[in-house]
Each structure stands twice: as structure tokens, then as C-alpha cells.
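Notes follow once the structure below has been shown.
The values are calculated or read from the model by the stated rules, or taken from the named source; none is laboratory data. In this text, all values refer to a predicted model and were calculated from it rather than measured experimentally. Reconstructed Cβ throughout: ideal geometry from the backbone, glycine too, with neighbour counts over all protein chains shown. In case anyone asks, the SASA skips ligands and DNA or RNA and just uses the protein heavy atoms, side chains included. Shrake-Rupley method; radii C 1.70, N 1.55, O 1.52, S 1.80 Å.
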Amino acid sequence: MLLESVVETSDAVAGTRSRRAKTEALRALLVRADPAEVESVVSWLSGELAQGRIGVGFRTLAGLDLSPAGTATLEVSEVASILDSLATTSGPGSAATRRAQLDELFSRATAGEQHFLVRLLGGDLRQGALEGVMTDAVAAAADLPLDAVRRAFMLSGRLSGTAAAAFEGGLDALAAFRIEVGRPVRPMLASPAESLTSALTELGGEVSVEYKLDGARIQVHRAGDEVRIFTRTLRDITGSVPELVDLVAGLPCTSVVLDGETLALTDSGRPRPFQETMSRFGARSERELLLHPYFFDCLHLDGDDLLDAPLSERLAALDRVAARHRIPAVTAPGPERAQAHLAASLDHGHEGVMVKSLTSPYNAGRRGRAWQKVKPEHTLDLVVLAAEWGYGRRTGYLSNLHLGARDPDGGPPIMVGKTFKGLTDELLRWQTAEFPLHESHRDEHTVYLEPRLVVEIELDGAQVSTRYPGGVALRFARVLRYRPDKSPAEADTIDAVRALLPRSPVGNDGLP
């Protein structure tokens, strides 16, 4: 297959907001691909490199100034081979070798292919092929059940590898994916609840009500003496959290996979600010600020995979191996006891509670509403689209943020409001230094950003608005914090914003 076909599909996907049209364009390309090309094609159209980092930075890409080829001749397999070589080139003279390989690649690429490759290698290829859309396309192209593809993706952690297995081995290859201790599983996520009462009503009495901590998601794996710890984005942070490694190594088991949160505590036992917890994830060695784990799920224990077991069984396994480190929870409480647990969580400085169905299996992402989060204040994780230059005491600082919600159909983020409230002097200084690194363009008053940064916003609700394209606007929005642990693909959707609209007898059918 020619690279040109991939580029044309990328442009087609970027040019439509229709999820159905995106899925069909991707499906049509995948059915034409050779099985050996599928992993590369899926990876590239998801905006990623199968090789991970390949040692090519923006400065190198900016220095490329080669005349484009007049005719498309580059094959997908050739490009993949060059990328493999770039990823493995190291040692003395490696910079010159990489430059020669890039020159060869770009000299054979057409203008459209060059533009595609620059965005792909620079990490800026965003044509709307989000994980959900691509997963649908892989299942359709391989003529396999969508649930089987989703499950294999959850266990493999790599959609491109899952796609390759689907095309090469079909349903048997997908069914062969199991929990592999040491390889992270894509995490299950919660949906926002309107209230504790609504969550209990929807899920029934057989639930676990747990503290919702203001911490960072972790997934820990242990096989014998080897321990690995991953973030919610599946990044390996084992080397920077030795106190967690030591704790997991001492658990009474041979092998285990646990899901949980970690946070730093004050001397009085209250949670420290989220940013202090996150600062440890980038450390190369242990600091004085210790992290404390709180586990809420057990996915594997001593050879038994528990993903398909109901939560009640997984919690029983968790109690057998790490009861002392389990997140505070009450099981099958009545309304009064559940409300008391919520009050206790807030009193201890936490965010609220999670309400989870005890009969639910473990499924990656926000599929269904088996897990629901209850907070006294509404919060949303939104994408920063732009920032306006401040005035008055904020002159010289990037201040007023333009905020976007994720399009669930894979389009660009949909603007839902602006805010400068909640920005401390420290955040203003950070924004002014950081935002130009993500700049797409600017005018006299505003710096527009590539959709990379996620910020947590507290708000009083939402209202119908014709000012923004989603037909909805935030009410009294204020900045809580930035979320470096989340990617734009994990931001809240426009549907989550619309769900905060006041209910009315006529509904909200007039929204786009």
C-alpha cells in the first residue's frame, strides 16, 4: 500500500465530524492493507508511532527543507522500515545517520506526504481518529465482534498491536490475549453522577461506596520479586516511586495486579495538593515526600485472572492480599449510611465518593455506568484551546482561557466557554511560559494552542447558549488545576457538559 493512501484517508477523517463517515473511511483503507501493514497504518492514523520515541525532535524536523517528489512512490512498508531504523540508531555519529535517513525519506515524499510525516513524527497528527473510532473501524474491517476487539485492546494496551492480531489470527488471536503481569491494562473509568441518590437508585442496593481521593491513578503489577507501577496513561513510573515498590513487594502473594490511587499526605493524614503528588511521578529518585497507596480493585491474584469476575469477588481478593491498603469503603449501604460515608470522605479532605455495582466486570474506559463518581461540586476535565493576554495587574501574562470539550465522534474539541477565575500568580507565570510551546497561531489578543493540555474546571452548571458551537456554555467556571496525567482523549465530552443543563419538561432536544 502506498503512503499516499494513508495520507488521503487522514485528510478525509479530518474533514468530517461524522463518526460514521470517519469509521467508514478507516475501514475502507484497512481492508485494502496487507496484514503486515495493518499495525503501522493503525498506529499512524491514531497519531502515534509503533516504535515510540525515535530520537527525532522538532528542531530536526524544522531543519528539513527538501523539494517534494512529484509522484507518490513510498510504500507503507518502506516508511515503517525507515522508522524502525531511526528508532534503533544510537551511538557516535547517530545524529548524522538519522539526518541521512530522514533526508532519504522526505526526498521521496510528495508535498502532502511530507506534511503528514512532519505532523506524525512531531506528535501533532490529529485528524480525529480517536481510539473509539479506530476500534470500531478495526472490528468492521476484520469482520469481528466489536466487544472482542475492545477486550483485546484493554489487555494489550496497544490498539495497533490488537489490530495486527485481529487481521492475522482473527477471533482466536484476540481471545488469546490475557492479563500479562508486568504489562499494564487499560483502566476502567467512572461516569459523573447527578447525585448520590441518583447513583444509588440507578445501580440498586448491591454497590460499593468508596472514598474518591484527590490522588493519581496507579496500577501495580508484581510477578515474584519483580514489581512494576504504571500511571493511568500506562506510563511506567517504577523507578520514581520506590516506597510503593517496596510495599507491593511485601504483599502476601506471588503475583498480583492491583488498581488504585496514590497520594501524598500531610503529617495530620490529610491529602496534600494534587500537584505535589504528581511531582513525584517525574522524579528519578525517592524524595522526602512519601506516597501512600489506596487500592480499590484486584485484577489478578496468584495465577487467577479476575477481569470477568463481579466486583464483589475482586474486592474479596483485594481483602486477601492488601486489606490494610484498601480504600475506605462500605458495601451495600442504605441511603443514610452511604450519605454518612460521603460526608466522612469530604471531612477528611477528599473529593467525594465512587458508587460501583458489585455485579460489574472490569471494562476499560467509560463503557456503561457501572462506576459513578459523586462530588458536591461539578468538575470537568477540558482542553485548553487558547489564552488571551491579560490586562491590569495581569498585563504581560496569558490569562483568560478558551475551553473545549471532547467531541465523542473524533472531531476537534468543541468550545464551551472561557474563564480566568481561579488562576493564581504561579499558574499565570506557568501558562505564559508553557503555552507558546504548544502554539498553533496567534493574533493581537490571543495565543491559540494545539489541543494538548487538559485542565480541571469547577463550575456551577451549564446553560443553553448560541454563542458556542456545542449550543451549551459553562456557568461560573473556575480553574482548579492542570491535569498532566490526562491526555485530550481523556477529557470530558460535550455530552458530559450538556448533561449538566437544567432539566425541563421539554428537554434539550434543540441542542445540536
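Looking at the chain, what % of its DSSP beta bridges pair antiparallel, to the nearest 5?
Working: 71 of 77 bridges.
Among the beta bridges of the chain, antiparallel pairing accounts for roughly 90 percent.
List the extent of the Cα atoms of segment 231-333 along each of their three principal axes, largest first, rounded to whole Å.
37, 31, 25
Note the per residue figure in Å³ for the convex hull of the C-alpha positions in segment 90-171. List each step's numbers first, then the result.
Details: hull volume 11.8 nm³, N = 82.
Given the Cα convex hull of segment 90-171, per-residue volume reads 144 Å³.
Taking all pairs of different Cα atoms in the chain, averaging 1/r and flipping that mean, what Kirkwood radius in angstroms comes out?
Values: mean 1/r = 0.0404 Å⁻¹.
Evaluated on the chain, it is 24.8 Å.
Tell me the net charge near residue 83. Cut-off is 15 Å between Cβ atoms, residue 83 excluded, with +1 for each Lys or Arg and -1 for each Asp or Glu.
Values: positive: 53, 98, 99, 108, 119; negative: 37, 39, 48, 75, 78, 84, 103, 104, 113.
Taking every Cβ under 15 Å from that of residue 83, the sum is -4.
Against the globular-protein guess of 2.2 N^0.38 Å, express the Cα radius of gyration of segment 75-219 as a ratio, rounded to two decimals.
Numbers: Rg = 21.5 Å, N = 145, 2.2 N^0.38 = 14.6 Å.
That works out to 1.47 for segment 75-219.
Give me the 1.4 Å probe accessible area per residue for segment 228-327, excluding ligands and nucleic acids, in Å².
Details: 4460 Å² over 100 residues.
That works out to 45 Å² for each residue.
When Rg is the radius of gyration of the Cα atoms in segment 1-158 and Rh is its Kirkwood radius, what does Rg/Rh come to?
Numbers: Rg = 16.0 Å, Rh = 16.3 Å.
With Rh from the inverse mean 1/r over Cα pairs, Rg/Rh is 0.98.
On the principal axes of its Cα set, how long, how wide and how thick is segment 351-425? Give whole Å, largest value first.
Rounded to whole Å, the extents work out to 56, 30, 15 Å.
For the chain, which whole percent of the accessible surface, found with a 1.4 angstrom probe, sits on carbon and sulfur atoms?
Details: 11400 of 22860 Å².
The C+S portion of the solvent-accessible surface of the chain is 50 percent.
Extending each Cα 7 Å along its Cβ direction at residue 198 and residue 495, get the distance between those two points in nm, one decimal.
1.5
Where does each of 433-444, 190-201, 397-408, 452-463 land if you order them by average Cβ count within 10 Å, highest first? Before the final figure, lay out the partial values.
On the way: 433-444: 12.3, 190-201: 17.3, 397-408: 22.6, 452-463: 18.9.
Top to bottom by mean Cβ count within 10 Å: 397-408, 452-463, 190-201, 433-444.
Taking the alpha-carbon set of segment 124-210, what are its Rg and Dmax in Å?
16.7, 48
For residue 144, what is the net charge nearby, where nearby means another residue's Cβ is under 14 Å from its Cβ and Lys, Arg count +1, Asp, Glu -1? Don't skip to the answer; put the middle values down first.
Details: positive: 27, 150, 151; negative: 136, 143, 147, 168, 172.
Value of the local net charge: -2.
Given N residues in segment 189-239, what is Rg(Cα) / (2.2 N^0.38 Å)?
Numbers: Rg = 16.0 Å, N = 51, 2.2 N^0.38 = 9.8 Å.
Taking N as the residue count of segment 189-239, the ratio is 1.63.
I want to check the label-to-label distance for residue 336 and residue 107. Put each point 7 Å from Cα in the C-beta direction and report it in nm to one decimal.
According to this spin-label approximation, the distance is 8.2 nm.
Rounded to whole Å, give me the distance from the Cα center of segment 323-350 to that of segment 13-80.
What the calculation gives is 48 Å, centre to centre.
Can you bin segment 383-512 into rounded, prolate or oblate? Criterion: square roots of the alpha carbon gyration tensor eigenvalues sorted a ≥ b ≥ c, rounded for a/c under 1.5, prolate for a/b above b/c, oblate for the rest.
Details: a/c = 1.94, a/b = 1.67, b/c = 1.16.
Verdict is prolate for segment 383-512.
What is the Cα convex hull volume of segment 307-384 when expressed per residue in Å³?
Numbers: hull volume 11.0 nm³, N = 78.
Normalising the Cα hull of segment 307-384 by residue number yields 141 Å³.
Report the extension gain between residue 20 and residue 60 in nm, rounded to one decimal, defined as 0.36 nm multiplied by the number of residues separating them, less their alpha carbon distance.
Numbers: separation 40, 0.36 × 40 = 14.40 nm, distance 3.73 nm.
Contour length minus the Cα-Cα distance gives 10.7 nm.
I'd like to check one number: the per residue accessible area of segment 329-483, probe 1.4 Å, reported in Å² as a whole number. Please list the in-between numbers first.
Numbers: 6910 Å² over 155 residues.
Counting only protein heavy atoms, the per-residue value for segment 329-483 is 45 Å².
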